[in-house]
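Beneath this line is the structure, given in structure tokens, with notes to follow.
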Amino acid sequence: MASKIDLVINRHDLRNGIPVSEIENVVRHKVTAVICNDHEAVAVSFNRGQPVITHQPQRIVSKDIMRLAETLMRSEEEQEPAAARTRRPTLSGLFARFPVQHSHQES
């Protein structure tokens, strides 16, 4: 049976942070996802009132969040019976109300 706990590391700093493998060893649980620390991108999106994944989809933090959402949806699909999967919302449907703005990374 799959674990009911998904461990997500948020605002992880690859340069100065604790390695994911060390975290897994200490807590004795596999890390499901790692969200990088991109304060600038998140702050700009927050101040504009737009999700970072639609406002700045090219940023690594946006890709990390989308990868987490896909992982969680895939995990949920694996746990539910086939009959319950017939009319499930898709990831694109989940974020469809937020128009994607293709802009360059802000400095």
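Assorted remarks:
- Condition broken by A41, with the remaining ones in (1) assigned to a loop (DSSP other than H, G, I, E, B); (2) of a type outside the set (S, T, N, Q); (3) at pLDDT 95 or above satisfied: (1)
- Every residue from region 45-59 that is surrounded by fewer than 14 Cβ atoms within 10 Å (Cβ to Cβ) and part of a helix (DSSP H, G or I): F46, N47, R48
- Filter result for the condition that a residue is more than 14 Å from the chain's Cα centre (by Cα) and at pLDDT below 95, over G17, G49: G17
- Each residue in region 9-40 was checked for being within 23 Å of V52 (Cα to Cα) and surrounded by fewer than 14 Cβ atoms within 10 Å (Cβ to Cβ), and 6 pass.
The values are calculated or read from the model by the stated rules, or taken from the named source; none is laboratory data. The structure displayed is predicted, hence computed values, not measured ones. Methodologically, a virtual Cβ is constructed for each residue, glycine included, from the backbone with ideal geometry; neighbour enumeration extends over all protein chains shown.
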